[in-house]
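Structure, as structure tokens:
Any read-out appearing in this document is the output of simple, stated calculations on the displayed coordinates, not a laboratory observation. Please read these numbers as outputs of a predicted model, since none were measured by experiment. Positions of Cβ are backbone-derived with ideal geometry, glycine not excepted, and every protein chain shown enters the neighbour counts.
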Amino acid sequence: MRKLSFVALCSVMTACATSFSTLDKALPQLRGQGISEAVRYLGVPSHEYETVGRKVYVWSTTDVNPFSGTTTDTRGRIGNTPFTATSQTTGGPRERLSCTLRIVTLNGVIEDYDYTGNNGACFRYSDRLEPLVRR
């Protein structure tokens, strides 16, 4: 059971390591294109605002880390008989994950972008932009 959990966790961690790299490869390909191209991949933005003559489109998400809890291995002896036990706890405080992606436009044309957040939460957007990386 412990090996299976470790393998599953490694798989998820390996996948998480790719969300930022996908964003780094895909977002530059949107520069110079109309904002409709970003909306085609990312969906409708969470909100938008204007600043310094530019329009900023914002995609934002929050989530909860599904891996809260701990695993504890216990070893000992009962009389002369050795034993081992593994216990898992779930619940407790859950870590909040978030991702915010901003695309800056001038006259509807994408000029710049940035993103902040947690790798896992940014999957929501990197998965949608994956086709840009495969071109």
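Of note:
- Cα gyration tensor category, rounded, prolate or oblate, for the stretch 96-135 with a/c compared to 1.5: oblate
- 16 Å reach of a label modelled at Val58, 7 Å along Cα-to-Cβ, counting backbone N of the stretch 93-119: 98-105, 113-118
- Sorting the segments 33-39, 129-135, 22-28 by their mean number of nearby beta carbons within 10 angstrom, highest to lowest, gives 22-28, 33-39, 129-135.
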